[in-house]
Amino acid sequence: MMRSDYPRRDVWTAEEAADYLACSEGHVRDLARTGRLRSFRSGRLLRFRRVDVEKYVECASSGSEAGASASGDKEAESERR
């Protein structure tokens, strides 16, 4: 699916996020597991907010994937220094 054709729902599955990012579901799950892509669980299902996936794309294209981290720990850590 082309990004302009993508559904404008606010919450995506791993499959939809992978389709948007043009990568595998496994890679999307790895990004979520390592905190590089923000996600949440709905029961046992992994979900992604559309804005978080789009933010990841912005940060990844600018070379700063940490900006899309799940907890913002890197930002808080740099503020403490």
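The values are calculated or read from the model by the stated rules, or taken from the named source; none is laboratory data. The structure presented is a predicted model; accordingly, all values stated were derived computationally and were not measured. Methodologically, a virtual Cβ is constructed for each residue, glycine included, from the backbone with ideal geometry; neighbour enumeration extends over all protein chains shown.
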Can you pull out every residue in the stretch 23-49 that is at pLDDT 95 or above, among the hydroxyl-bearing types (Ser, Thr, Tyr) and under 21 Å from residue 10 (Cβ atoms)? 39
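For residue 60, indicate whether it is at pLDDT below 95, buried (at least 16 other Cβ atoms within 10 Å of the Cβ) and not in a helix (DSSP H, G or I). Write out each step before concluding.
Numbers: at pLDDT below 95: yes; buried (at least 16 other Cβ atoms within 10 Å of the Cβ): yes; not in a helix (DSSP H, G or I): no.
No.
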Restricting to the stretch 1-19, name every residue that is modelled with pLDDT of 70 or more and not in a helix (DSSP H, G or I). 8, 9, 10, 11, 12, 13
Between residues in the stretch 43-55 that are under 13 Å from residue 29 (Cα atoms) and residues that are modelled with pLDDT of 95 or more and of a type in the set (S, T, N, Q), which pairs lie under 6 Å by C-beta distance while being six or more apart or on different chains? 46/39; 48/39
Would you check which residues across the stretch 27-57 are among the acidic types (Asp, Glu) and either assigned to a loop (DSSP other than H, G, I, E, B) or under 10 Å from the mean Cα position of the chain (by Cα) (or both) and list them? 52, 54
State which residue pairs qualify: first residue exposed (fewer than 13 other Cβ atoms within 10 Å of the Cβ) and inside the stretch 15-42, second residue charged (D, E, K, R) and not in a loop (DSSP other than H, G, I, E, B) in any location, beta carbons under 6 Å apart, and separation of 6 or more residues or different chains. 15/25
